[in-house]
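First the structure, in the form of structure tokens, and then the observations on it.
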Amino acid sequence: MTTEFHGRMSRRALLQVCAGLLLTTALPAGAVRAAPSTGYRITATPARARLAGLARPETDVWTYNGTVAGSLVRLRQGVPARLVVKNRLSQETTVHWHGIRLPNEMDGVPGLTQPPIKPGESFVYEFTPPDAGTFWYHPHSNSLEQLGRGLAGAVIVEEREAVAVDRDLLWFLADWRLTEGGGITARFGNRMEAAMSGRVGNTVTLNGRVSEAEAVRAGERVRLRLVNASLARVMALRFDGHRPVIVAIDGQPCDPHEPAAGRILLGPAMRVDLMIDMQGEPGRRYGVIDDFYDGLSYRLTELAYEEGPPLRAHPLAASLDLPRNPLPEPDLATTERHELTLQGGMMSGMMMGGGGMQGGGMMHGMMGMGGGPAWSINGLSMTGDGHAGMAPALTFQRGRSIMLTMRNETAWWHPMHFHGHSMRVLSRNGVAVPHRQWQDTLLMAPKDVVEVAFVADNPGDWMLHCHVLDHQMSGMMTVLRVDGSN
Ligand code: C2O
Ligand code: CU
């Protein structure tokens, strides 16, 4: 887990995280209880939020409907949804419904799939979510800054039949870079950072606040939906004294399994659904620790058991399996094979490991980073957020089974996100990946080689990019086309 960067992340940053944890008194419930709806109005608007407790100053943020995290969008599997997004920011925006397999025109990539929503204007997103699970939404326009200032929210698509748990909880996790005065550090798009780990912050919030403790009851079974809405922070969560079971990744159910070494690895934009039988002692507290960065582990929160007798003597007998989603199974006998090679960044010989800047007309939106792009995919660097005229790196015929070999030739971690599809993860570094896992955001460790497969069944031009947003903005982005003409 070690990279050069970790030693350089300031101790002060860590202390700020810890201080925030100590000062907090709020105890957000996090229960997923809003009624599902087919009609939503979502306004992107500036607001103020108390991210790090009452003793710390308020922060000017950008929000969906005035709150951090933004309004929870609760949809039903297979039921048409209509979401009216209004822009009250002073700059253009769009909304990307991350992980939801929807029609291309609803994907929220400015220029590529829709015109940007200008200040004061609205856009209506309409789609029918085919998959139940945990998803999220965020801008795809000036993404690094807009997400970094707080524009993000969760989407929960309910199963057709309720899953047997005592409580269904959401922990929407976000990472902020705050100043002493409570402001958000400006300087988005620092070129040095963009070529390394990206903008890792100093304050991690759970449902919009630094969390001291989350209340639980002995004996209950909780479905816990984790969303990592950070710009760049990778998380590895451990639940002291508990044995969480992973039942879904990126919204897609997998075979229930305990995470390797008890650590739940959660890259930016990833989601993991856990089932946890709360078998701790009433009245006790158990730490939830993020120890991804060496020497910088911190307590995300604590599970605080209420006093009183357990809800039940033995764990619930109900199965942990979630119903599978209707994903098309790739035909491994007839797959078409392609490769995507990730290059660039610091400490891999030179800034650009690949063929340099070949993006042609795609070089706008460098956010004042100066110089060339920091990253490339197959030797090409698309920068920014997505815009008109992005030539696809690969074109697939609709309906074909595709196998992609993704090679990370860099010294850095990259959560690689593919729009419009979910990918069956076949192998990592030559070892088969168990538990029938599907992902839309594939976390790649330095030097990883991962094989994935999917059916190219959703026509359109789809982004594939790193979800460390400063990596995306500085070149780790491409377009894959599914040709709908047959
Ligand atoms: Cu979550 Cu292209 O994004
Ligand atoms: Cu990356």
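Computed from the coordinates by the stated procedures, all read-outs in this text should not be read as laboratory data. The model shown is predicted, which means the values in this text are computed figures rather than measured ones. Every residue, glycine as well, gets a Cβ built from its backbone with ideal geometry; the counts of neighbours run over all protein chains shown.
Numerical summary
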item: Cα gyration tensor category, rounded, prolate or oblate, for the range 30-161 with a/c compared to 1.5; result: oblate
item: Relative contact order (%) - criterion: Cα under 8 Å, at least six apart; region: the range 382-486; result: 41
item: Shape of the chain, Cα gyration tensor, a/c cut at 1.5; result: rounded
item: Mean separation of Cα contacts under 8 Å, 6 or more apart, over the residue count of the range 30-161: relative contact order %; result: 29
item: Whether the range 91-244 is rounded, prolate or oblate, judged on the alpha carbon gyration tensor where a/c under 1.5 counts as rounded; result: oblate
item: The range 268-333-the range 90-143 distance, computed between alpha-carbon centres (Å); result: 29
item: Simple Cβ-charge dipole of the range 30-161, Lys/Arg +1 and Asp/Glu -1, about Cα centre, in debye nearest 20; result: 420
item: Computed over the chain: relative contact order in percent, which uses C-alpha pairs under 8 Å that are six or more apart; result: 15
item: Only Lys, Arg (+1) and Asp, Glu (-1) charged, at Cβ; the chain dipole about Cα centre in debye; result: 760
item: For the chain, with +1 on Lys and Arg beta carbons and -1 on Asp and Glu, the positive-most of T405, T43, P282 along the dipole; result: T43
item: Computed label-point distance, nm, for sites L316 and R243 using a 7 Å Cα→Cβ extension; result: 1.8
item: Low-density loop positions, trypsin sites (Lys or Arg not before Pro), the range 93-167 - DSSP coil, at most 13 other Cβ in 10 Å; result: R160
item: Neighbour-count ranking [beta-carbon atoms within 10 angstrom, fewest first] of T113, T43; result: T43, T113
